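Participant: Handing you this structure, nothing more for now.
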Amino acid sequence: QATTIAGGNGLGNQLNQFDAPEGIYVDDQQQTIYVADLNNHRIIKWKFGEKYGEVVAGGNGGGNRIDQLDTPFNVILDRNKKSLIICDVGNERVVRWSLENQNDRQILIEDISCFGLMMNNKGDLFVSDYERNEVKRWKKDEKQGIVVAGGNGKGDKLNQLNYPGFIFVDREDSIYVSDCNNHRVMKWSKGAKEGIIVAGGQGYGNSLKQLSYPQGLVVNENGDVFVVDCSNHRVMCWPSDSKEGRVVVGGNGEGEGSNQLHHPTGLVFDRANNLYVVDMFNHRIQRFDIDTN
């Protein structure tokens with residue numbers, strides 16, 4: 001059963017509202033989520049149990065000034081929890097906003113159609129580029145990232161991607177990619193020249209073997225892939241080495257009931273294995289207690 005923990009008050013720009021939220025990050029220690037509030041051009045920090053969030057980045061209208069964001073798709077906390085790293089998509093850049101000093105902002109990467117964002121334990125930054133159909137890794141202070149998935153043009157071969165969105169990086173630095181327009185999730189092992197299909201890959205559809213525009217992505221220690229099946233309004237789990245998935249939440253048609261979703265996007269687990277789903281067109285964040293076994 002779902003609990004709405006943020007938003008859910010219709011589309012809007014008040015502090016208890018979102019306008020098409022996309023990405024999410026959970027900070028267990030602070031009992032807080034950070035949400036990329038796309039069409040409000042801002043990042044919202046929302047403490048569990050609160051009725052309102054607060055703006056921690058952007059919120060000054062859409063634009064390309066250093067104090068503005070333009071349709072941010074995604075947000076993560078950096079490893080030391082002192083700043084936010086944001087996919088500032090409309091400005092084709094990845095930016096860092098300090099949480100300790102409101103005026104400390106910097107552009108980390110320019111000229112990138114960024115979507116997915118993740119940092120490993122070493123502080124390497126992984127970013128998907130949906131125009132170039134690749135995922136790059138940027139080591140700390142590197143000016144040039146290196147391609148670690150895709151990068152062979154748009155297509156559906158095993159060494160190609162077609163609109164890579166959300167990504168997940170495991171402890172071995174294997175990269176999982178929601179290969180959105182190929183309706184599949186790809187896994188690229190570290191150093192691999194091509195990926196393997198770990199979910200979907202059977203074309204657009206709503207059977208248990210198919211995905212339709214996959215989005216948010218989390219992989220557990222066992223290699224089970226949890227993925228948002230956006231156009232089917234559900235979240236799927238594909239057990240490791242399985243040819244089909246099972247519905248974890250949603251799958252009850254597009255709607256705003258507590259067992260329904262409307263074009264879900266971002267996905268994240270907390271330490272207690274609660275699942276958080278960004279319910280984009282319901283402008284809310286849903287938390288589900290699920291049995292992950």
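The values are calculated or read from the model by the stated rules, or taken from the named source; none is laboratory data. Just so we're clear, the structure is a prediction, and the values are computed from it rather than from any experiment. FYI the Cβ positions are ideal-geometry reconstructions off the backbone, even for glycines, and counts take in every protein chain you see. These accessible areas exclude ligands, DNA and RNA; they are computed on the full protein's heavy atoms, side chains included. Shrake-Rupley method; radii C 1.70, N 1.55, O 1.52, S 1.80 Å.
Participant: Quick one: Ser240 ticks every box in (1) open to solvent by 20 Å² or more (accessible area, probe 1.4 Å); (2) touching an Asp or Glu at 6+ places or on another chain (Cβ under 6 Å); (3) under 27 Å from Ile43 (Cβ atoms) bar one, so which box is it?
Facilitator: Result: Ser240 fails condition (3) only.
Participant: Quickly run through segment 55-107 and pick out the residues that are closer than 23 Å to Val26 by Cα, assigned to a loop (DSSP other than H, G, I, E, B) and open to solvent by 60 Å² or more (accessible area, probe 1.4 Å).
Facilitator: Matches in segment 55-107: Arg79, Asn80, Lys81, Lys82, Glu100, Asn101, Gln102, Asp104.
Participant: Filter segment 5-38 for residues that are within 16 Å of the chain's Cα centre (by Cα), open to solvent by 40 Å² or more (accessible area, probe 1.4 Å) and within 20 Å of Gly63 (Cβ to Cβ) and give the result. Write out each step before concluding.
Facilitator: First, pick out the residues of segment 5-38 that are within 16 Å of the chain's Cα centre (by Cα): 20-27, 33-38.
Those left that are additionally open to solvent by 40 Å² or more (accessible area, probe 1.4 Å): 25.
The answer is none; no residue qualifies.
Participant: Okay, moving on. Can you name the residue in segment 161-172 that is open to solvent by 20 Å² or more (accessible area, probe 1.4 Å) and in contact with an Asp or Glu (Cβ under 9 Å, 6 or more places away or on another chain) and, of all such residues, is nearest to Ser128 (Cα to Cα)? It would help to see each step written out before you state the result.
Facilitator: Going through segment 161-172, the residues open to solvent by 20 Å² or more (accessible area, probe 1.4 Å) turn out to be 162-163, 168, 170-172.
Applying the additional criterion that residues be in contact with an Asp or Glu (Cβ under 9 Å, 6 or more places away or on another chain) yields 162-163, 170-171.
Working: Asn162: 11, Tyr163: 9, Asp170: 15, Arg171: 18 Å.
The selected residue is Tyr163.
Participant: State which residue is surrounded by the fewest Cβ atoms within 10 Å (Cβ to Cβ) when the search covers only segment 113-154 and only residues that are touching a strand residue (DSSP E or B) at 6+ places or on another chain (Cβ under 7 Å) and more than 25 Å from Asp70 (Cα to Cα).
Facilitator: So the residue we want is Ile146.
Participant: May I pose another question? For segment 173-182, state whether one or more residues are touching a residue at least 40 places away in the same chain (Cβ under 8 Å) and surrounded by fewer than 20 Cβ atoms within 10 Å (Cβ to Cβ).
Facilitator: yes
Participant: Right, something else. Name, by its number, the condition in (1) open to solvent by less than 10 Å² (accessible area, probe 1.4 Å); (2) more than 15 Å from Val177 (Cβ to Cβ); (3) in contact (Cβ under 8 Å) with a residue 60 or more places away in the chain that does not hold for Asn259.
Facilitator: For Asn259, the exception is condition (1).
Participant: Identify, from the list Asp156, Asp173, Asp141, the residue that is part of a loop (DSSP other than H, G, I, E, B) and in contact with a helix residue (DSSP H, G or I) (Cβ under 9 Å, 6 or more places away or on another chain).
Facilitator: Among Asp156, Asp173, Asp141, only Asp156 is part of a loop (DSSP other than H, G, I, E, B) and in contact with a helix residue (DSSP H, G or I) (Cβ under 9 Å, 6 or more places away or on another chain).
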